[in-house]
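Structure, as structure tokens:
The values are calculated or read from the model by the stated rules, or taken from the named source; none is laboratory data. Computed from a predicted structure; not experimentally measured. A quick note on method: Cβ atoms are made from the backbone with ideal geometry, for glycine too, and the neighbour counts reach across all protein chains shown. SASA here: full protein model, heavy atoms, side chains in, ligands and nucleic acids out. Shrake-Rupley method; radii C 1.70, N 1.55, O 1.52, S 1.80 Å.
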Amino acid sequence: MPFISKIQRQTDYNRFPPSTPIVIDNGASYFRIGWAGETEPRVIFRNIVQRPRHKSTGETVTIVGDHDPALLKYFDCTRSGPRSAFDSNVVFQFEIMEYVLDFAFDRLGANGSRIDHPILITECVCNPVHSRSKMAELLFETYGVRSVAFGVDAVFSYKYNQLHGICEKDGLAICPGFTTTHVIPFVDGEPVYKGCCRSNIGGYHITDYLKQLLSLKYPHHMARFTWEKVEDLKMEHCYIAPDYALEAQLFQKGGKEAEYKTRCWQLPWVPLPTEEPPSEAEIARKAAIRERQGQRLREMAEAKRSSRINELENQLQGLEFLLQQLGQVQEEDIQSFLSETGYGSKLEIELTLTKVTQSLRKAKGEPKPDQAENEEKADSCTSDKYPLINVPDNMLTPEQLKEKKRQIFLKITTEGRQRAKQKRVEEELERERKTQQDEERRLENPQLYLEQMHTKYKELYEKVEQRKRLKTNGGHTNGSSSGGVGRGERLNAAQRERMRLLTTAAFDRGKGEDTFGAKDEDWQLYKLMGKDNDDDDDGADEDEAELARVSSRLQEIDPTFVPKPEPTASQPAATEVPHVRPLTKEDFQIVLGVERFRCPEILFHPNLVGIDQVGLDEMTGVSIRRLPSKDKALANRLTSSVFMTGGCSLFPGINERLEAGIRMLQPCGSPIKVVRALDPVLDAWRGASLYAANSRFHQQTFSRSDYYEKGEDWLRQYQVRYTL
Amino acid sequence: MEAEVIKAELVLPTHMSFKRIQMYEKYPKGQSKVRWKQLKQILQAEICQNYSPDEPNYVNIESPPSMQPCKRICDITGFEAPYHDPRTNLRYANADVFKLVRSLPNEYVQRYLALRKAAVVLR
């Protein structure tokens with residue numbers, strides 16, 4: 001992690017005399033502030049401001065920089081995200097800038113009535129005068145600073161490294177920053193802004209690109225890809241490929257090296273508790289419990305049965321006894337005798353007796369007298385059973401007539417049943433015959449038979465499927481990439497037909513006189529509308545039955561045969577519940593493969609993210625060409641001291657790539673040397689600190705009165721001399 | 001305010017002794033917000049000043065478009081993309097990616113296109 005925030009409050013502010021300058025590196029991503037002459041800035045933080053609402057009190061507060069994210073739980077940050085004072089690399093939002101400066105001076109320990117120090121603050125190359133003057137105004141009017149100097153961060157970094165012998169007095173500074181990338185040529189230790197070149201691409205774009213790519217690749221983990229996390233991923237894993245095409249091919253082919261270069265980020269994932277197969281003892285225990293329960297149930301059922309048998313037998317005995325007694329009783333006493341027992345007549349007693357006998361038989365588990373036998377019997381004694389049928393009506397009493405009607409009805413139903421049975425038997429025989437024929441054919445030529453069966457199965461299956469498709473017609477013609485389901489695709493065929501009829505009807509009646517109903521045919525429409533398209537269902541049923549038969553037959557004779565998904569049970573594919581696969585460890589892995597070098601590649605090819613400007617390597621050529629003097633020796637001197645600074649120069653491999661790129665563009669034999677700053681991130685501040693500590697620094701600053709007297713045109717021309 | 005928030009000095013104090021004009025005086029509550037000029041407007045104003053074109057300024061130091069042929073990479077995988085799908089306008093590397101491209105919902109297609117600023121923007 002090259003970027004580390006330091007926000008502890010400093011306590012030694014009053015130790016510094018008013019002549020000591022305060023040095024500020026106001027970068028688009030990080031803000032650094034400290035004292036001139038020191039080697040490290042005192043306070044470093046992200047150059048952002050958040051204005052969330054405090055959850056319990058409801059007041060809007062200001063939070064500058066990056067803090068422990070755990071503390072933000074007390075604030076409602078949903079309304080306002082982090083905001084920056086920068087548009088591209090130019091400060092434009094001075095309200096936010098003021099919050100940032102407040103925080104910075106406060107953490108530096110400022111406690112007087114004003115900031116009574118000279119200020120050196122960095123700005124971008126060729127900062128628009130509007131931004132520069134607003135910044136000066138803010139510093140003078142609000143903070144009451146003594147004097148101000150503006151400088152360019154990349155230049156300070158170059159000067160600092162020149163002092164340490166990293167680069168020469170003539171050279172090119174390449175500074176891929178947060179939002180922009182600059183190339184600044186140096187001649188005799190001074191930057192030549194005329195030869196300057198800026199592409200609007202930087203670390204911000206790389207992080208954003210990576211963030212978007214990952215969210216598109218892993219839509220389920222989108223919430224994981226916070227800006228900070230992706231920034232971390234970028235710094236840890238991204239690198240510049242020596243040759244993009246070759247590197248991409250390596251990954252496309254796969255293999256060991258690509259695997260080695262692929263990084264994997266395992267998200268926290270807890271495996272679901274797997275169902276352990278129960279142990280032997282457990283199984284035995286469960287079986288025993290089941291057995292005991294079964295035993296108890298059986299015993300209960302047995303007890304119930306025996307008690308019922310008992311009861312029935314008692315009843316039977318009672319009834320038999322009653323009948324016996326009834327036999328002994330005189331004819332005229334029967335009524336009085338029966339009134340005591342609760343039965344109406346002897347017949348009733350006998351009926352009850354037969355019923356009880358039957359129940360008893362059933363309870364004891366004896367087989368019922370055979371149904372068929374019964375029917376046979378019924379058959380044989382039709383004439384006995386229906387004695388009144390053949391008797392003419394006029395010979396019968398009204399009651400007998402009623403009885404006759406009943407008998408006729410009974411006879412018809414019985415006969416009907418008989419016929420149905422007959423038919424069943426016949427069908428059974430027919431099927432038997434067919435199977436036998438089938439079997440014979442199979443035995444004749446098993447191979448041919450199997451083939452025939454298969455083709456038959458296929459034909460039938462397709463037929464059934466086709467019919468179903470016609471009926472439901474869901475999404476089969478949907479080839480569009482939109483994936484949306486239109487209204488037409490959601491309706492089945494019947495509904496669609498109805499819809500069509502309705503619309504045509506409405507459309508026809510729309511114009512001219514409404515004559516609907518004048519003709520009889522018009523009313524047919526309602527019939528059509530009301531009808532579901534079940535008219536061909538009989539055929540479908542037959543086909544389906546045949547399909548089932550063929551399928552089962554095939555299963556019998558061909559062990560390799562697997563029936564296609566049951567056609568009758570399956571719904572239209574859209575409504576089917578998708579098969580849910582249990583989530584595995586792999587579903588929680590974020591794999592960084594091509595992304596590792598694809599994202600930083602935009603520094604060299606900004607058109608990959610739609611920015612139509614030259615990349616890093618070409619920028620050097622553009623910059624050299626823009627220089628006023630077309631001195632070949634100078635160009636050679638420049639390319640032999642190409643210096644890289646800024647956060648994005650930390651990518652591994654950028655030096656080699658840049659060198660190769662410049663070699664391609666420069667004339668053959670040009671000396672090329674690419675170096676990286678000692679510390680690409682902090683050297684700008686260090687250079688500025690060293691510069692401000694120089695005794696002649698005060699000559700480069702301007703005061704409040706200068707600012708108001710000399711006017712805007714002067715401020716636009718204002719430029720510090722970097723060599724003191 | 002919670003103790004740990006106060007301890008971390010998370011919230012910026014509204015009053016600073018070292019300031020001549022406080023935030024609440026400069027931007028009183030309830031007053032309409034100051035509209036800061038966006039970079040575009042700032043640059044527009046610069047151009048209106050009619051500076052000499054030889055002098056470097058923010059606008060003219062900008063890089064020109066690249067002279068190299070535009071690199072075409074697969075929008076999904078990042079491999080070299082010899083093909084282009086006329087329906088979605090996405091570039092793709094091979095048949096497998098093409099299958100994926102065709103199965104992508106339109107929203108994702110637009111997001112992929114937006115990555116290289118080629119998305120259709122309806123206004």
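Which net charge results when you count Lys and Arg as +1 and Asp and Glu as -1 among the other residues whose beta-carbon is under 12 Å from that of A:Pro268? Local charge sum for A:Pro268: +2. Could you sort out which of A:Lys6/A:Lys73; A:Lys55/B:Lys26; A:Lys194/B:Lys37 sit more than 23 Å apart by Cα distance in this structure? Long pairs (Cα-Cα over 23 Å): A:Lys55/B:Lys26; A:Lys194/B:Lys37. Computed from label points 7 Å out along Cα-Cβ, the spacing between A:Ala693 and B:Ala8 is 3.4 nm. Residues whose amide H lies under 5 Å from that of A:Val591, counting only those 5 or more places away or on a different chain, are A:Trp265; hydrogens are built 1.01 Å from N in the peptide plane.
For a straight C-alpha distance cut-off of 12 angstrom, the aspartates and glutamates reachable from A:Lys421 (same-chain residues fewer than eight places away being disregarded) are A:Glu375.
Between A:Gln407 and A:Tyr260, the contour length at 0.36 nm per residue exceeds the alpha carbon distance by 43.6 nm.
On the basis of the beta-carbon distance and an R0 of 35 Å, A:Arg441 and A:Ala420 show a calculated FRET efficiency of 0.65. The contact residues of region B:39-56, meaning those that lose at least 40 Å² of 1.4 Å-probe accessible area when all protein chains sit together rather than their chain alone, are B:Leu39, B:Ile42, B:Glu46, B:Tyr51, B:Glu55, B:Pro56.
Can you give the local net charge around A:Glu712? Use residues other than it whose beta-carbon is closer than 14 angstrom to its beta-carbon, Lys and Arg +1, Asp and Glu -1.
Values: positive: A:Arg132, A:Lys134, A:Lys710, A:Arg716; negative: A:Glu137, A:Asp706, A:Glu709, A:Asp713, B:Glu46.
Net local charge, A:Glu712 excluded: -1.
Can you tell me the 0 to 90 degree angle between the C-alpha axis of helix A:683-693 and the longest principal axis of chain A, rounded to 10? In chain A, helix A:683-693 runs at an angle near 30 degrees to the longest axis. Checking every one of the GluC sites (Glu not before Pro) in region A:191-284 against DSSP loop status and a limit of 10 other Cβ atoms within 10 Å picks out A:Glu275. Here the accessible area is traced with a 1.4 Å probe on the protein chains. For the protein assembly as shown, carbon and sulfur cover 53 percent of it.
Modelled spin-label separation between A:Asp232 and A:Trp269, with each label point placed 7 Å from Cα along the Cα-to-Cβ direction: 1.9 nm. Applying 1/(1 + (r/R0)^6) with R0 = 22 Å to the Cβ-Cβ distance of A:Arg431 and A:Gln466, what FRET efficiency is obtained, to the nearest 0.05? That pair, A:Arg431 with A:Gln466, gives E of 0.20.
Does a label point 7 Å from the Cα of A:His221, set along Cα-to-beta-carbon, have any residues of region A:587-611 with amide nitrogen under 13 Å, and which are they? Label zone hits: A:587-593.
For region B:1-62, the list of GluC sites (Glu not before Pro) that fall in a loop by DSSP and count at most 14 other C-beta atoms within 10 angstrom reads B:Glu2.
Check each of the trypsin sites (Lys or Arg not before Pro) in region A:637-724 and keep only those in coil by DSSP with at most 13 other C-beta atoms within 10 angstrom; list them in order.
Details: sites: A:Arg637, A:Arg657, A:Arg663, A:Lys673, A:Arg676, A:Arg686, A:Arg696, A:Arg704, A:Lys710, A:Arg716, A:Arg721; in loops: A:Lys673, A:Arg696, A:Arg721.
Counting only loop positions with at most 13 other Cβ atoms within 10 Å, the trypsin sites (Lys or Arg not before Pro) in region A:637-724 are A:Arg696, A:Arg721.
3J(HN,Hα) along region A:621-638, derived from phi through the Karplus expression 6.51 cos²θ - 1.76 cosθ + 1.60 where θ = phi - 60°, amounts to x, 4, 5, 5, 5, 7, 5, x, 8, 8, 8, 5, 5, 5, 4, 5, 5, 5 Hz, with x in place of Gly and Pro.
Simple spin-label estimate for A:Thr78 and A:Arg296 gives 5.4 nm between the two label positions (7 Å along the Cα-to-Cβ direction from each Cα). In order along region A:286-302, the phi-based Karplus estimate (6.51 cos²θ - 1.76 cosθ + 1.60, θ = phi - 60°) of 3J(HN,Hα) comes to 5, 4, 4, 4, 4, 4, 4, 4, x, 4, 4, 4, 4, 4, 4, 4, 4 Hz; Gly and Pro are listed as x. Across peptide B:18-31, the average count of Cβ atoms from other chains found within 10 Å of a residue's Cβ is 4.
Output the 0 to 90 degree angle, nearest 10, between the alpha-carbon long axis of helix A:704-717 and the longest principal axis computed from the alpha carbons of chain A. The angle comes out near 70 degrees.
Leaving out ligands and nucleic acids, and using a 1.4 Å probe, what accessible area per residue does chain A come to in Å²?
Working: 40830 Å² over 724 residues.
I get 56 Å² per residue for this part.
Beyond 25 Å in Cα-Cα separation lie the following of the pairs A:Lys463/A:Lys527; B:Lys7/B:Lys33; A:Lys217/B:Lys71; B:Lys71/B:Lys117: A:Lys463/A:Lys527; B:Lys7/B:Lys33. Buried between B and A is an accessible area of approximately 7000 Å², summed over both sides with a 1.4 Å probe.
Across region A:646-659, coupling constants 3J(HN,Hα) worked out from phi with the 6.51/-1.76/1.60 Karplus curve, θ = phi - 60°, read x, x, 6, 7, 7, 4, x, x, 5, 4, 4, 4, 5, 4 Hz, and Gly and Pro carry x. For A:Ala173, nonlocal amide neighbours, meaning residues 5 or more places apart or on other chains whose placed amide H falls under 5 Å from its own, are A:Ile184, A:Phe186, A:Phe643.
If you take every DSSP beta bridge fully contained in chain A, what fraction is antiparallel? Give it as a percent rounded to 5.
Details: 35 of 49 bridges.
Around 70 percent of the beta bridges assigned by DSSP in chain A are antiparallel ones.
Within chain A, which is the longest segment containing none of the chymotrypsin sites (Phe, Trp or Tyr not before Pro) that sit in a DSSP loop and have at most 13 other Cβ atoms within 10 Å? Longest run free of exposed loop sites: A:1-268.
Positive end of the charge dipole of region B:65-122 (Lys, Arg +1 and Asp, Glu -1 on Cβ, about the Cα centre): tell me which of B:Ala119, B:Thr88, B:Ser103 has its Cα farthest that way. Value: B:Ala119.
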